[in-house]
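Working notes for the structure below.
The values are calculated or read from the model by the stated rules, or taken from the named source; none is laboratory data. Given the structure is predicted, the values throughout are model-derived calculations rather than measurements. Every residue, glycine among them, receives a Cβ derived from its backbone with ideal geometry; neighbour counts consider all protein chains shown.
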């Protein structure tokens, strides 16, 4: 028979893995939805698609941009 602490640790580990898997699936679906919406609008998305985690992708502006 397993100890109570071992059972609790097992349930915490399983719950954590399920939560992590759910989080990853939700993030992936949100990313795909965003990219499909942007591509349907006709904007250039090559930099976003190739390098989504780079710092300069946050500075990327969509649509017409007026020079400063």
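Couple of notes before you dig in:
- The set of residues in the stretch 26-48 being surrounded by 10 or more Cβ atoms within 10 Å (Cβ to Cβ), out of contact with any helix residue (DSSP H, G or I) (no Cβ under 7 Å at 6 or more places or on another chain) and modelled with pLDDT under 65 consists of 41, 43, 44.
- Hey, residue 23 within 16 Å of the chain's Cα centre (by Cα) and either modelled with pLDDT of 85 or more or surrounded by 10 or more Cβ atoms within 10 Å (Cβ to Cβ) (or both) or not: yes
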